[in-house]
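Asker: Following this message is one structure expressed as structure tokens.
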Amino acid sequence: MIAIDLGLARRLALSVVLGQTAVTIVCALVSWLIAGSHAALSAAMGGGISTAASLVMALLGFGGKSAADGQRAMRAFLIGETAKIAIVIVLFVVVLKTMKVVPLAMLGTYVATFCVFWIALANVLPPLGGTNVPRGR
């Protein structure tokens with residue numbers, strides 16, 4: 001059985017959002033330096049989509065009384081994940097319908113922010129077949 005500390009999970013989820021925000025800003029600045037303001041705005045849109053979706057997931061999936069029992073926690077997590085996917089789809093459609101974007105800047109930043117999630121997850125999960133040994137000790 002695996003026990004999850006909801007407070008720790010919520011902090012991790014919100015730290016992912018902060019990390020994605022930082023990556024979005026860096027990618028937008030790099031895009032601006034390389035290709036100008038239009039690319040920077042496109043990068044900000046791509047990163048913003050991922051960051052907004054992760055924030056919605058963190059708030060819905062780990063908020064409120066979701067830890068009262070296992071079923072409620074799982075339901076909250078699934079609702080959060082469903083909302084995250086819906087937000088990504090809706091925001092991409094809105095951005096692509098209303099703006100002329102620089103595809104490489106937008107999608108590259110989206111992927112970069114998505115990698116923040118996987119890096120954070122890899123740092124928290126125990127190695128396969130092993131125990132969770134705190135890093136840096």
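Asker: Got a sec? Which of Leu60, Leu33, Leu12, Leu18 is among the aliphatic types (A, V, I, L, M) and closer than 22 Å to Val93 by Cβ? Show your work before the answer.
Answerer: On the way: Leu33 fails: closer than 22 Å to Val93 by Cβ; Leu12 fails: closer than 22 Å to Val93 by Cβ; Leu18 fails: closer than 22 Å to Val93 by Cβ.
That would be Leu60, the only listed residue that is among the aliphatic types (A, V, I, L, M) and closer than 22 Å to Val93 by Cβ.
Asker: Now, a different point. Quick one: which of Leu33, Leu59, Leu29, Leu41 is open to solvent by 30 Å² or more (accessible area, probe 1.4 Å) and either at pLDDT below 95 or in contact with a Gly (Cβ under 7 Å, 6 or more places away or on another chain) (or both)?
Answerer: Values: Leu33 fails: either at pLDDT below 95 or in contact with a Gly (Cβ under 7 Å, 6 or more places away or on another chain) (or both); Leu29 fails: either at pLDDT below 95 or in contact with a Gly (Cβ under 7 Å, 6 or more places away or on another chain) (or both); Leu41 fails: either at pLDDT below 95 or in contact with a Gly (Cβ under 7 Å, 6 or more places away or on another chain) (or both).
Step by step, each of Leu33, Leu59, Leu29, Leu41 is checked, and only Leu59 is open to solvent by 30 Å² or more (accessible area, probe 1.4 Å) and either at pLDDT below 95 or in contact with a Gly (Cβ under 7 Å, 6 or more places away or on another chain) (or both).
Asker: Are any residues in segment 113-125 touching a Gly at 6+ places or on another chain (Cβ under 6 Å) and open to solvent by 60 Å² or more (accessible area, probe 1.4 Å), and if so, which ones?
Answerer: Those that are touching a Gly at 6+ places or on another chain (Cβ under 6 Å) and open to solvent by 60 Å² or more (accessible area, probe 1.4 Å): none in segment 113-125.
To keep it simple, each residue is scored yes or no on (1) within 15 Å of Ala44 (Cα to Cα); (2) surrounded by 14 or more Cβ atoms within 10 Å (Cβ to Cβ); (3) among the hydrophobic types (A, V, I, L, M, F, W, C); (4) touching a helix residue (DSSP H, G or I) at 6+ places or on another chain (Cβ under 6 Å).
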{"site": "Arg75", "(1), (2), (3), (4)": "no, no, no, no"}
{"site": "Ile87", "(1), (2), (3), (4)": "no, yes, yes, yes"}
{"site": "Val90", "(1), (2), (3), (4)": "no, no, yes, no"}
{"site": "Val94", "(1), (2), (3), (4)": "yes, no, yes, no"}
{"site": "Val101", "(1), (2), (3), (4)": "yes, yes, yes, yes"}
{"site": "Leu104", "(1), (2), (3), (4)": "yes, yes, yes, no"}
{"site": "Val111", "(1), (2), (3), (4)": "yes, no, yes, no"}
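Asker: Related question: Scan segment 75-93 and report the pairs whose first residue is closer than 21 Å to Arg10 by Cβ and whose second residue is open to solvent by less than 60 Å² (accessible area, probe 1.4 Å) and not in a helix (DSSP H, G or I), with Cβ atoms within less than 8 Å and a gap of 6+ or a chain change.
Answerer: Short answer, once both residue conditions are applied: Arg75/Ser66; Ala76/Phe62; Ala76/Gly63; Ala76/Ser66; Phe77/Phe62; Phe77/Ser66; Gly80/Phe62.
Asker: Could you run through segment 13-26 and say how many residues are of a type in the set (A, V, I, L, M) and surrounded by fewer than 17 Cβ atoms within 10 Å (Cβ to Cβ)? Before the answer, list the steps.
Answerer: Our first condition is that a residue be of a type in the set (A, V, I, L, M); within segment 13-26, this holds for 13-14, 16-18, 22-23, 25-26.
With surrounded by fewer than 17 Cβ atoms within 10 Å (Cβ to Cβ) added as a condition, the list becomes 14, 18, 22, 25-26.
Qualifying residue count for the region: 5.
The values are calculated or read from the model by the stated rules, or taken from the named source; none is laboratory data. Note that the structure is predicted; figures quoted are calculated from it, not measured. Backbone-built Cβ (ideal geometry, glycine too); neighbour counts: all protein chains shown. For accessibility, only protein heavy atoms count, side chains too; no ligands or nucleic acids. Shrake-Rupley method; radii C 1.70, N 1.55, O 1.52, S 1.80 Å.
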